[in-house]
1. Checking Gly52 against (1) modelled with pLDDT of 80 or more; (2) under 16 Å from the mean Cα position of the chain (by Cα); (3) not aromatic (Phe, Trp, Tyr): exactly one of these is not met. Which one?
2. Give me a count of the residues in segment 11-46 that are part of a helix (DSSP H, G or I) and either over 17 Å from Glu63 (Cβ atoms) or among the hydrophobic types (A, V, I, L, M, F, W, C) (or both).
3. Specify the residue that is nearest to Val33 (Cα to Cα); the eligible residues are those in segment 67-79 that are open to solvent by 50 Å² or more (accessible area, probe 1.4 Å) and out of contact with any helix residue (DSSP H, G or I) (no Cβ under 9 Å at 6 or more places or on another chain).
4. In segment 60-96, which residues are in a loop (DSSP other than H, G, I, E, B) and basic (Lys, Arg)?
5. Give Ala50, Ala16 a once-over and let me know the one that is open to solvent by less than 50 Å² (accessible area, probe 1.4 Å) and at positive phi.
6. Please work out if Val33 is out of contact with any Lys or Arg (no Cβ under 8 Å at 6 or more places or on another chain), open to solvent by less than 60 Å² (accessible area, probe 1.4 Å) and of a type in the set (A, V, I, L, M, F, W, C).
7. Quick one: count up the residues across segment 1-10 that are part of a loop (DSSP other than H, G, I, E, B) and either surrounded by 10 or more Cβ atoms within 10 Å (Cβ to Cβ) or modelled with pLDDT of 80 or more (or both).
8. With Glu63, Glu44 as the choices, which residue is open to solvent by 80 Å² or more (accessible area, probe 1.4 Å) and among the charged types (D, E, K, R)?
Amino acid sequence: MAEPSRWNPRTLAAQALGTLDPLTRAVVPPLHVATTFIRDPDNEYRSGYAYGRPDNATVRQTEAVIAAIEGAHEALVFGSGMAAATSVILAMPQGRASSPRR
C-alpha cells in the first residue's frame, strides 16, 4: 500500500493516517475519553496530556488527520464554533481588529 502522504483525502480519513494501535493492534485508533490524567510526583504532566477535552490522544489524532487532508503542517479542533472564532480573534496581532473609522 502507498505511503499515507500519497493517499487521497478519503483514504486518509478512513485509515486515520494508517496508524495501528500498538496495544490492541486496532486499525483505527481507539477513542480516549478520559477527562483528567494522573500527574507525576512533582505535579507535572509528562504523559503529554493534561485535561481531556482539548488535550488527549483522540484530539491530537483528529488534528493530524485533518492537517493531512488539508495538506497543512498542523490543525486545531475546537469544542465549538465560538471557541474557534474566539481563538482566531485572540491570535491576531494587536491593532489589526480596529473599530471602523468615522
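The values are calculated or read from the model by the stated rules, or taken from the named source; none is laboratory data. All figures in this text were calculated on a predicted structure; none of them were measured in a lab. Here the Cβ is made from the backbone with ideal geometry for all residues, glycine too, and neighbour counts use every protein chain on show. Accessible surface is based on the protein model in full, side chains and every heavy atom, while ligands, DNA and RNA are left aside. Shrake-Rupley method; radii C 1.70, N 1.55, O 1.52, S 1.80 Å.
1. Of the numbered conditions (1) modelled with pLDDT of 80 or more; (2) under 16 Å from the mean Cα position of the chain (by Cα); (3) not aromatic (Phe, Trp, Tyr), the odd one out for Gly52 is (1).
2. Number of matching residues: 6.
3. Filtering first and then ranking leaves Gly79.
4. Arg96
5. Details: Ala50 fails: at positive phi.
Being open to solvent by less than 50 Å² (accessible area, probe 1.4 Å) and at positive phi holds for just one of Ala50, Ala16, which is Ala16.
6. No; evaluated as a whole, the condition is false for this residue.
7. Of segment 1-10, the ones part of a loop (DSSP other than H, G, I, E, B) are 1-3, 7-8.
Adding the requirement that they be either surrounded by 10 or more Cβ atoms within 10 Å (Cβ to Cβ) or modelled with pLDDT of 80 or more (or both) leaves 7-8.
Looking only at that region, the number is 2.
8. Of the residues listed, the single one that is open to solvent by 80 Å² or more (accessible area, probe 1.4 Å) and among the charged types (D, E, K, R) is Glu44.
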